[in-house]
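Asker: Take a look at the following structure, please.
The values are calculated or read from the model by the stated rules, or taken from the named source; none is laboratory data. All figures in this text were calculated on a predicted structure; none of them were measured in a lab. For neighbour counting, all protein chains shown are included, and Cβ atoms are generated from backbone atoms with ideal geometry for every residue, glycine included. Remember, those area values only see protein heavy atoms, side chains included, never the ligands or the DNA or RNA. Shrake-Rupley method; radii C 1.70, N 1.55, O 1.52, S 1.80 Å.
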Amino acid sequence: YVWSNNASYGWKGSAYVNKTNNPAEAWIVSPEINIKKAKDPVLTFDEVYQFVSSGAPTDYLKLMITTGYTGDVKTTDWQELTIPEWSTGSDWNFVNCGLIDLNAYKGNKIVVAFIYKSTDTVAPTWEIKNFKVIERPEE
């Protein structure tokens with residue numbers, strides 16, 4: 001299994017098994033989230049990653065959204081969301097990703113997914129916790 005969930009790390013994705021990088025693509029998909037009555041919805045979470053030895057984290061780790069989840073990630077029309085803030089990739093200190101604007105999806109029900117990808121040369125570890133969709137806090 002690529003994704004696992006525990007109290008300390010939250011969701012943890014890794015395809016490094018038995019000292020071997022394994023090619024994989026694995027998704028964690030949220031339940032449907034109703035933002036039909038939201039005024040200024042944002043998504044936020046904390047993340048930390050390591051072991052991206054070549055390329056950028058966005059080559060392997062992605063955040064997706066849809067308003068039309070079919071029940072199958074392969075037949076759903078997804079849009080990629082930009083993660084504004086990333087952890088350093090060099091330690092295990094969680095970083096808050098910032099506030100990801102969901103106003104383009106207001107008035108709908110949404111489903112959010114995290115995609116983990118790896119190859120036989122790069123198998124990151126990605127940990128995600130404190131995921132929430134909220135009204136934008138007042139500054």
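Asker: Using a probe of 1.4 angstrom, how much of the accessible area of the chain is carbon and sulfur, in percent?
Answerer: Ligands and nucleic acids excluded, carbon and sulfur give 48 percent.
Asker: Considering only 89, 55, 98, give the residue with the highest GNM mean-square fluctuation for the chain, with springs between Cα atoms whenever their separation is below 10 Å.
Answerer: 55
Asker: Please give the Cα centre distance for segment 110-137 versus segment 72-108, rounded to the nearest Å.
Answerer: Segment 110-137 and segment 72-108 have Cα centres separated by 7 Å.
Asker: Let me ask something additional. Any chance you could get the radius of gyration and Dmax over the Cα atoms of the chain, in Å?
Answerer: 15.3, 48
Asker: May I ask for the net charge around residue 114, where only other residues with Cβ less than 13 Å from the Cβ of residue 114 are counted and Lys, Arg are +1 while Asp, Glu are -1?
Answerer: Neighbourhood net charge equals -1.
Asker: In segment 32-98, which trypsin sites (Lys or Arg not before Pro) are in a loop and have at most 13 other Cβ atoms within 10 Å, using DSSP for the loop call?
Answerer: Taking segment 32-98 and a limit of 13 other Cβ atoms within 10 Å, the loop trypsin sites (Lys or Arg not before Pro) found are 36, 37, 39, 74.
Asker: Which ³J(HN,Hα) values, rounded to whole Hz and listed in residue order, are derived for segment 116-122 from phi using the Karplus coefficients 6.51, -1.76 and 1.60 in 6.51 cos²θ - 1.76 cosθ + 1.60 with θ = phi - 60°, glycine and proline given as x?
Answerer: Residue by residue, segment 116-122 yields 10, 10, 8, 10, 6, 10, 10 Hz.
Asker: Continuing with the same structure: Taking segment 78-134, how much of its Cα-Cα pair set, in percent, is spaced more than 15 angstrom apart?
Answerer: Roughly 61 percent, once rounded to a whole number.
Asker: Sticking with this structure for a sec: Pop a pseudo-label 7 angstrom from the Cα along the beta-carbon direction at both residue 26 and residue 6 and give the gap in nm to one decimal.
Answerer: For residue 26 paired with residue 6, the spin-label model returns 1.3 nm.
Asker: If you don't mind, there's one more thing I want to ask. Can you give the accessible area per residue of the chain, in Å², using a 1.4 Å probe?
Answerer: Heavy-atom accessible area per residue stands at 57 Å².
Asker: State, as an integer percentage, the relative contact order of the chain based on alpha-carbon contacts under 8 Å between residues 6 or more apart.
Answerer: Relative contact order for the chain comes out at 44 percent.
Asker: Select from segment 59-115 those chymotrypsin sites (Phe, Trp or Tyr not before Pro) which occupy a DSSP coil region and have at most 12 other Cβ atoms within 10 Å, ordered by residue number.
Answerer: Numbers: sites: 60, 69, 78, 86, 92, 94, 105, 114; in loops: 60, 69, 78, 86, 92, 94.
Of the chymotrypsin sites (Phe, Trp or Tyr not before Pro), the ones in loops of segment 59-115 whose Cβ has at most 12 other Cβ atoms within 10 Å are 92.
Asker: Something else: Please list, in chain and number order, the residues 5+ apart from residue 52 or on another chain whose amide H is under 5 Å from its amide H, with Hs placed from the backbone.
Answerer: none
Asker: Separate question: Need the full-extension length gain, residue 54 to residue 109, defined as separation in residues times 0.36 nm minus the C-alpha distance. One decimal, nm.
Answerer: Result: 16.2 nm gained on full extension.
Asker: Mind listing which GluC sites (Glu not before Pro) in segment 7-47 are in a DSSP loop and have 15 or fewer other Cβ atoms within 10 Å?
Answerer: Working: sites: 25, 32, 47; in loops: 32.
Those that pass, being in a loop and sparsely packed, are 32.
Asker: A follow-up question, please. When the convex hull of the Cα atoms of segment 5-69 is projected onto a plane and the area is averaged over all directions, what value comes out in nm²?
Answerer: 6.6 nm²
Asker: Subtract the Cα-Cα distance of residue 77 and residue 138 from 0.36 nm times their separation in residues, and report this length gain in nm to one decimal.
Answerer: Result for the pair: 18.7 nm of gain on full extension.
Asker: Apply the Karplus parameterisation 6.51 cos²θ - 1.76 cosθ + 1.60, with θ equal to phi minus 60°, to every residue of segment 123-139 and state each ³J(HN,Hα) to the nearest whole Hz, in sequence, with x for glycine and proline.
Answerer: 10, x, 10, 10, 10, 9, 8, 6, 5, 7, 10, 9, 6, 4, x, 6, 8
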